[in-house]
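Remarks on the structure that follows.
Since every read-out is calculated from the coordinates, none of them should be taken as a lab result. This one's a predicted model, so the numbers in the text were calculated from it and none came from an experiment. Cβ: placed from backbone, ideal geometry, glycine included. Neighbour counts: every protein chain shown.
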Amino acid sequence: MNKKNHNPFSREIVILENEKSECDAIVARLHDNVIHRLHRTGAVIGISGGIDSSVTLALSVLALGAENVLGIMLPEKDSSGDSARFAQQLADKFNVRAITENITGALQGFGCYQRRDEAVKNIFPEYDPARYKMKIGVKNSGLYTNLPPLFSLVIIDDKGVEQSKRLPAPEFRQIEAASNFKQRCRMSMLYYHAERLHYAVIGTPNKHEVEQGFFVKYGDGGADIMPIGHLYKTQVYQLARYLGIPQEIIDRTPTTDTYSAEQTQQEFFYQLPFAQMDLLWYAYENKYDPSEVAPVMEMTVEQVKSVFVNFERKFKTTEYLRMAPIRE
Amino acid sequence: MKEILENTAQIKEKIDSYIRKNTLSNISNLNDKTLLFREGIFDSMAFVLLIDYIEETFGIKASDEDLIEENFESIEAITRFITHKYEVSTVR
């Protein structure tokens, strides 16, 4: 592995030394991009009550003024009720106009729920969305092995009894494709309001979501600018505290808020706590030698190597998501 | 379990053929010991499809405990895994 010229690896390596200067730089770029490059006069942001959209909204307010920012809550029937409450709290705190666009009807029109439930019933014939909640989980704990993760379908009945089965490819694809209507509907609604107001759509993905491909192409990946797309989660939390994001939002566990059953992002996708993920991704992308990383992370060299192999595979296999349309 | 058990060479040939047909990566150097996932020959979805193929073609069931690197890292490992499953089934 070619080692770049860099500082010794440590647990503090991703921590921003100066939140204010990072914040000022993002705000200046955001203002310049919206006004001078996109020639738009404000920002539309989908707010979920999560930390990423909260920080993005706060930065947009600093860049463009609260009066030029519109926060949009986009719940559907599987959304957590907490999301709306936290999103409203955020909008109130930053004095931003916030509206709610419930996309359940649009999703029904697309057949989102019906197509998803049809695939679930192929695996669990007894599944009834009125009685059961469902989610997708990772079957094998993948990061310390070189095998890619396998996904399982989990259903939970109204008494809390959980069943889990490995997801065959056709059903996995159908559930995923149907669920992606949610992010794509939200994107459509954000652009409706952006065009109506001559605003830009400000995307909320952080560095991990962008680089590991944890977003839906032309869904939450559909935006004009992604101002926190270069920030590790640790840094997003630093900015959240600096910007005065409500503590309840900072303390929330990041969830996918996509399936009817509660599911954390770690459980569904990352397989590691964010603090560890940040450090290991930093080490991977800056080509640190696993033998330098392992003792700091209290892992074996082999475990670090396996994590790097998984990162490499995730980055390569999700390149399709980050690609613009091929024009030649 | 299929009534006619296939021998190791036949199993290996079928797995090799399946991988060559279904990978989207460059496989000019593919051999029995190539580390399929470490080398990026197969991704997550291809792994799921491979398991589906093995279960359907060879009439065996891969349990959660079977889904480890030792059983799937190469054509050789997969062949050994399927053969072992056959043997266990025959003993029973």
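Report, to the nearest 10°, how far helix B:44-58 tilts away from the longest principal axis of the Cα atoms in chain B, using its own Cα long axis and a range of 0 to 90°. Roughly 30 degrees, rounded to the nearest 10. The residues packed around B:Ile15, meaning those with a beta-carbon under 10 Å from its beta-carbon, carry a net charge of -1 if Lys and Arg are +1 and Asp and Glu are -1. When A:His230, A:His208 are sorted by how many other C-beta atoms sit within 10 angstrom of their C-beta, beginning with the fewest, the order is A:His230, A:His208. Charges on Cβ only, +1 for Lys and Arg, -1 for Asp and Glu, centred on the Cα centroid of chain A; of A:Tyr192, A:Pro205, A:Gly229, which one is farthest towards the dipole's positive end? It is A:Tyr192, whose Cα lies furthest towards the positive end. Relative to the Cα centre, the charge distribution of the protein assembly as shown, modelled as +1 at Lys and Arg Cβ and -1 at Asp and Glu Cβ, gives a dipole magnitude of about 780 debye. Computed over region A:182-307, the P(r) tail beyond 27 angstrom holds 29 percent of alpha carbon pairs. Between A:Val161, A:Val120, A:Leu150, the Cα set farthest toward the positive side of the dipole of region A:113-168 (charges on each charged residue's Cβ, about the Cα centre) is that of A:Leu150. Remark: relative contact order (chain A) = 23 percent; criterion is Cα-Cα distance under 8 angstrom and separation of 6 or more residues. Projecting the Cα positions of A:Met297, A:Thr317, A:Val307 onto the charge dipole of region A:272-323 (unit charges on Cβ atoms of Lys, Arg, Asp and Glu, taken about the Cα centre) puts A:Thr317 furthest along the positive direction. Calculated on the Cα set of region B:8-91, radius of gyration then Dmax: 12.1, 40 Å.
By the rule of a C-alpha distance below 20 Å, with chain neighbours fewer than 8 residues away ignored, the lysines paired with B:Lys14 are B:Lys2, B:Lys33, B:Lys61, B:Lys85. About its Cα centre, region A:268-328 has a charge dipole of approximately 300 debye under the convention of +1 per Lys or Arg Cβ and -1 per Asp or Glu Cβ, with nothing else charged. Membrane-span-like helices in chain A (whole DSSP H runs, Cα extent of at least 27 Å along the helix axis, mean Kyte-Doolittle hydropathy of at least -1.0): A:169-197.
Kirkwood hydrodynamic radius computed over region A:113-168 comes to 12.0 Å, based on all pairs of distinct alpha carbons.
For the pair region A:288-328 / region A:244-261, the C-alpha centres are spaced 26 Å from each other. The translational diffusion coefficient of chain A, from Stokes-Einstein at 4 °C and 1.567 mPa s with a Kirkwood hydrodynamic radius over alpha carbon pairs, comes to 62 µm²/s.
Placing unit charges on the Cβ atoms only, positive for Lys and Arg and negative for Asp and Glu, gives region A:113-168 a dipole magnitude near 160 debye about its Cα centre. Note that region A:205-210 has calculated 3J(HN,Hα) couplings of x, 8, 4, 5, 4, 5 Hz, one per residue in order, obtained from phi through the Karplus relation 6.51 cos²θ - 1.76 cosθ + 1.60 (θ = phi - 60°); glycine and proline are x.
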